[in-house]
1. Six or more apart or on different chains, Cβ under 6 Å: which pairs go from a residue in the range 147-174 that's under 16 Å from residue 113 (Cα atoms) and outside the structural domain of residue 129 (by TED's automatic domain parsing) to one that's surrounded by fewer than 18 Cβ atoms within 10 Å (Cβ to Cβ) and at pLDDT below 90? Could you list them?
2. Going through the range 172-207 one residue at a time, which ones are at pLDDT 90 or above and farther than 28 Å from residue 230 by Cα?
3. Which one of these does residue 74 not meet: (1) surrounded by fewer than 16 Cβ atoms within 10 Å (Cβ to Cβ); (2) touching a strand residue (DSSP E or B) at 6+ places or on another chain (Cβ under 6 Å)?
4. Can you tell which of 92, 102, 85, 67 is under 18 Å from the mean Cα position of the chain (by Cα), under 25 Å from residue 156 (Cα atoms), buried (at least 16 other Cβ atoms within 10 Å of the Cβ) and modelled with pLDDT under 95?
5. Which members of the range 108-149 meet the condition of being under 18 Å from residue 230 (Cβ atoms), assigned to a strand (DSSP E or B) and touching a helix residue (DSSP H, G or I) at 6+ places or on another chain (Cβ under 9 Å)?
6. Taking the condition of being in contact (Cβ under 8 Å) with a residue 24 or more places away in the chain and either more than 17 Å from the chain's Cα centre (by Cα) or assigned to a loop (DSSP other than H, G, I, E, B) (or both), how many residues in the range 70-82 meet it?
7. Scan (1) loosely packed, with under 12 Cβ neighbours inside 10 Å; (2) farther than 22 Å from residue 20 by Cβ; (3) not assigned by TED's automatic domain parsing to the domain that holds residue 160 for the single condition residue 46 breaks and write down its number.
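The values are calculated or read from the model by the stated rules, or taken from the named source; none is laboratory data. Keep in mind the model is a prediction, meaning the values are calculated, not measured. Positions of Cβ are generated from backbone atoms using ideal geometry, with glycine treated the same way; all protein chains shown enter the neighbour counts.
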């Protein structure tokens with residue numbers, strides 16, 4: 001079993017690497033098309049479609065690469081003093097249009113004042129992006145997504161993402177963070193994905209010494225994900 005898992009991880013790493021190489025020139029070609037003056041609206045629409053799909057494929061490849069690095073213990077963090085509230089605000093701004101397109105209203109709480117901690121800001125943003133992307137994919141239109149950030153009395157920090165989407169059945173809740181596990185989506189809602197987003201989010205949380213948990217009352221009743229990261233003490237002034 002261990003040998004099979006090792007070979008599977010190696011295959012994913014090689015596949016991700018080989019897919020990433022041809023994506024670079026395609027991405028460059030799209031940028032050139034965007035800079036050019038495309039008088040024919042059909043060409044502009046075609047360029048937009050290619051751009052969106054390249055972005056989607058690039059994210060899938062990045063997920064594969066990160067999953068491989070995590071499984072091999074090769075993914076390292078670049079920790080520094082950072083403002084968790086700012087990370088949440090930026091992620092919400094990046095995903096607001098995606099959520100609105102999926103019929104979701106997004107609300108952000110607890111981010112008016114800085115929430116200082118020591119973490120890899122890029123990876124924390126990646127965790128939050130995966131949670132927001134998951135909320136958009138498994139929505140029950142119309143819906144609501146609420147993101148709450150807070151500094152706990154223990155000095156730890158917390159981000160909660162709560163949605164009113166499709167929810168998670170009891171049979172899936174224990175496996176929701178396993179690789180390639182996905183909830184059911186009907187044809188109208190299906191938006192692809194490899195089922196690695198939550199796996200990566202949990203792995204990155206644990207790499208920080210924290211944890212990511214999921215709760216849901218059941219199918220059709222939404223889901224709540226809580227990211228808990230260790231802090232530096234109640235003072236909020238981490239030592240670097």
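1. That search, which allows pairs on different chains as well, returns nothing.
2. none
3. For residue 74, the exception is condition (2).
4. Result: 92 is the single residue among 92, 102, 85, 67 that is under 18 Å from the mean Cα position of the chain (by Cα), under 25 Å from residue 156 (Cα atoms), buried (at least 16 other Cβ atoms within 10 Å of the Cβ) and modelled with pLDDT under 95.
5. 116, 117, 119, 149
6. Start the filter on the range 70-82 by keeping residues that are in contact (Cβ under 8 Å) with a residue 24 or more places away in the chain, which leaves 70-72, 75, 77-82.
Pick out the ones that are also either more than 17 Å from the chain's Cα centre (by Cα) or assigned to a loop (DSSP other than H, G, I, E, B) (or both) and you get 71-72, 75, 77-82.
Here the count works out to 9.
7. Answer for residue 46: the failing condition is (1).
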